[in-house]
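**Q** Handing you a structure now.
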Amino acid sequence: MVVWIMGVSSVGGQVMYPGDTNNDGVANYLDLLPIGIAFGVEGEPRPLASENWFAQPFILWAYNLPTTPWVNGGFINANGDALIDTLDLDAIVANYDMMQDTAMPIPWQHNITCFTCPPPVLSISYDKDSVKVNESFQAFISVLYPETIPPDIGALGLGVELNYDPDLVVESSVEVIPNTGEETLMFVTATSVDAFGYRLPSPGRLQLAAAGRGQNAFFKDATLVATVSFIVVDDIQRDTVFRAFKLDVSELLFLNLQEELLIPLLQNQDSVVLYQDLDPVTEVPLAGLLEIFPNPADGFIQVSSPQMIELTTLRLWNAQGVLVREMNPGAGASWTFPVEDIPPGVYWLEALGEEEKWVRKLILR
Ligand SMILES: [Ca+2]
Ligand SMILES: [Ca+2]
């Protein structure tokens with residue numbers, strides 16, 4: 001065995017690319033996790049080491065990842081010194097999304113699951129439930145457990161890829177802000193406009209990894225991983241005044257310190273309604289008069305005014321901006337709008353007076 005190792009190293013048969021720490025053929029957010037698992041491990045420095053993206057011979061380390069043992073410590077040691085630590089992060093960012101097929105990459109798949117570990121919950125929520133054009137809002141990416149658990153059954157880290165509709169937000173303003181207040185965590189983040197990478201995710205995609213340094217970092221009842229800030233584009237109109245914005249999870253990987261797979265749950269029901277005022281000048285007077293009741297509603301909505309007014313139109317829009325129901329109430333001070341056959345969810349009630357418009361969010365259950 002020793003002879004074989006020395007034979008390989010002496011002929012330089014094994015090569016690595018700095019930043020592709022799991023040697024799966026691409027440098028990206030997932031390459032943070034091997035650094036977290038192997039944090040503090042020491043081995044042979046790489047002769048003539050560079051952090052540039054080219055094949056570099058290295059001396060095999062005694063260390064291999066626990067459940068994907070074809071990943072040797074020499075792949076993880078991106079900067080080429082004798083230690084796995086945060087200095088090995090830089091090459092991931094510098095070579096982001098670069099691909100290689102000469103280091104004999106192997107897909108990084110985890111077949112060993114920790115079934116006795118409680119499932120971590122990836123939670124996505126927002127600071128607002130509705131946002132106007134040109135205004136900003138934030139998404140919060142957190143890891144939750146029902147209660148704080150012993151660290152040894154928690155998670156070392158996670159890698160997640162999120163998608164959204166790039167036509168709804170100003171792509172150049174999308175910013176991932178890691179929660180550096182969690183001092184045990186290391187982060188790799190990427191958006192389509194991240195300034196550091198050569199190649200980057202396409203618009204509407206962002207990637208995020210967070211991991212502890214040689215110890216499980218997720219075991220508390222709630223840990224904020226990152227905040228993502230967005231700005232709504234100045235015109236969301238596509239035959240409608242409302243659009244729903246939602247982050248969808250396309251890839252999600254949780255590993256623990258033993259490199260075992262954790263099976264996560266997803267808490268991602270929320271969305272943000274983006275809207276624009278078609279005629280904001282005339283919005284004010286009706287707003288002082290109209291009230292809706294009950295909200296949340298089931299069965300019917302009562303729209304009322306303390307005085308007689310002329311209400312030409314009531315329209316109910318769903319969060320996708322689709323007109324669900326319209327009626328023409330006419331003159332009066334109280335109107336009943338039936339909703340018993342409409343699916344539960346978030347809706348917008350739009351009321352038109354003779355020259356005025358009024359909009360209010362409501363929930364049907
Ligand atoms: Ca990789
Ligand atoms: Ca290193």
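**Q** Quick check on the chain: helices-only [θ] at 222 nm, where DSSP H runs of length 4 and up contribute -39,500 (n - 2.57) each and the sum goes over total residues. Nearest 500, please.
**A** Result for the chain, helices only: -1500 deg cm²/dmol.
**Q** Let me ask something additional. Which length gain, in nm to one decimal place, applies between D129 and D235 when the Cα-Cα distance is subtracted from 0.36 nm times their residue separation?
**A** This chain segment gains 36.3 nm when fully extended.
**Q** Exceeding 23 Å between C-alpha atoms, which entries from my cross-link table qualify? They are K246/K357; K128/K361; K246/K361.
**A** Violating the 23 Å Cα-Cα cut-off are K246/K357.
**Q** Measuring from label point to label point, each 7 Å out along Cα→Cβ, what is the T184 to V121 span in nm?
**A** Here the answer is 2.0 nm between the modelled labels.
**Q** Output the relative contact order of the range 2-94, whole-number percent, from Cα pairs under 8 angstrom with separation of 6+ residues.
**A** 37 percent
**Q** As I understand it, the value is the acute angle between the Cα axis of helix 2-11 and the longest principal axis of the Cα atoms of the chain; what does it come to in degrees, rounded to 10?
**A** Computed tilt is about 80 degrees.
**Q** Moving on to the next point. Work the Kirkwood hydrodynamic radius out for the chain: mean of 1/r over every pair of different alpha-carbon atoms, inverted, in Å.
**A** Roughly 23.4 Å, rounded to one decimal.
**Q** Test of understanding: what is the full-extension gain from W70 to A333, defined as 0.36 nm times their sequence separation minus their Cα-Cα distance?
**A** Contour length minus the Cα-Cα distance gives 87.2 nm.
**Q** While we're here: How much length, in nm to one decimal, is gained on full extension between S192 and K220, taken as 0.36 nm per residue of separation minus their Cα-Cα distance?
**A** Extending this stretch completely gives an extra 7.0 nm.
**Q** Let me have the relative contact order for the chain, percent, based on Cα pairs under 8 Å that are six or more residues apart.
**A** Relative contact order, the chain: 16 percent.
**Q** In terms of Cα to Cα distance under 15 Å, which aspartates and glutamates are near enough to K220, apart from those fewer than 8 places away along the same chain?
**A** Candidates past the 8-residue exclusion: E147, D152, E182, E183.
**Q** For the range 242-253, what does the Karplus curve 6.51 cos²θ - 1.76 cosθ + 1.60, with θ = phi - 60°, yield as ³J(HN,Hα) per residue in whole Hz, taken in order and with x for Gly and Pro?
**A** Rounded to whole hertz, the list is 10, 9, 8, 10, 8, 8, 10, 8, 9, 9, 8, 9.
**Q** A follow-up question, please. Quick one: which residues, 5+ away or cross-chain, put their amide H under 5 Å from the amide H of Y96? H built at 1.01 Å from N.
**A** Amide H neighbours of Y96, under 5 Å, 5+ apart: Y198, R199.
**Q** Please turn the phi angles of the range 341-358 into ³J(HN,Hα) values with the Karplus equation 6.51 cos²θ - 1.76 cosθ + 1.60 (θ = phi - 60°), one per residue in order, whole Hz, x for glycine and proline.
**A** So the Karplus estimates, Gly and Pro as x, are 9, 9, x, x, x, 8, 9, 10, 9, 10, 10, 10, x, 5, 9, 9, 9, 9 Hz.
**Q** Mind sorting M186, M104, M98 by how few other Cβ atoms lie within 10 Å of their own Cβ, fewest first?
**A** The fewest-first ordering by Cβ neighbours comes to M104, M98, M186.
**Q** Moving on to the next point. Using a cut-off of under 20 Å, list every residue of the range 131-159 whose amide N is near the label point 7 Å from the Cα of V249 along the Cα-to-beta-carbon line.
**A** Counting backbone N atoms under 20 Å from the label point, the list is 138-149, 153-159.
**Q** Here is a further query. If I model a spin label as a point 7 Å beyond the Cα along the Cα-Cβ vector, how far apart are those points for A62 and R325 in nm?
**A** Reported label-point gap for A62 and R325 is 7.3 nm.
A short reminder: the numbers here are calculations on the coordinates, not readings from a lab. No experiment lies behind these values; they were computed from the predicted model shown. Virtual Cβ from ideal backbone geometry, glycine too; neighbours counted across all protein chains shown.
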